[in-house]
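Working notes, beginning with the structure itself.
What follows is calculated from the coordinates using simple rules that are stated; it is not laboratory data. Note that the structure is predicted; figures quoted are calculated from it, not measured.
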Amino acid sequence: MRGLIGLVAVLIVAGAMTASWAPGAALAGDGLRVEKPWARAAINMTRPAAAYLTVINGTGKQVTLTGVSSPEAGMTMIHKMVMDGDVMKMEPAGKIVIAAGKRFVFKPGGYHIMLMHLKQPIKEGDTLDLSVKFSSGKAMEVKVPVLATAATGPKP
Ligand SMILES: [Cu+2]
């Protein structure tokens, strides 16, 4: 009898874990969420891949995104696109401050996550693991579907 109760408890815990991990979303508690993660495949291993996502700050206070890492990339940077005369170029974005109740969108032509020094090919259909880090010390682990090299985003 005791064995049966133990099994039921394990099943309840497993069910709760599945419920909090909706596809494409990650939770770090306290209302911090990531939505619509996606990545652009790398043309080959010497070229970077890029990842995009939306961070929603429902915590009620300002949060600071300090960096991103991935086991698939030797180096990961947050870049932003800026105009230099009439040439668009990218530069390190530094820390990203997100006010309470606001969302921050990474997208092509704007802020993006650059995955460099790839350890394996990143191809369409793969899933990347991204860890999004915050100044609170919290990190969100995000599963990122990889789309084609010329993709402009997931289908709505
Ligand atoms: Cu870049």
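Taking Cα atoms of the range 22-156, Rg/Rh with Kirkwood Rh, to two decimals? Each step should come with its number before you reach the end.
On the way: Rg = 14.4 Å, Rh = 15.1 Å.
Value, to two decimals: 0.96.
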Which residues qualify? For Tyr111, with a placed amide H closer than 5 Å and at least 5 residues away or on another chain, they are Met81
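Indicate the gyration tensor shape class of the range 33-81 (rounded, prolate or oblate), computed on the Cα atoms with a ≥ b ≥ c the square roots of the eigenvalues: a/c under 1.5 is rounded; otherwise a/b larger than b/c is prolate and the rest oblate. Intermediate values should be presented prior to the final figure.
On the way: a/c = 2.69, a/b = 2.09, b/c = 1.28.
It comes out prolate by the Cα gyration axes.
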Over the range 79-119, what is the mean sequence separation of C-alpha contacts under 8 Å (at least six apart), divided by residue count, expressed as relative contact order in percent? 41 percent
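Relative contact order for the range 24-147: what is it in percent, counting Cα pairs under 8 Å that are at least 6 residues apart? Present the calculation step by step, with values, prior to reporting the outcome.
Values: 329 pairs, mean separation 41.8, N = 124.
This gives 34 percent for the range 24-147.
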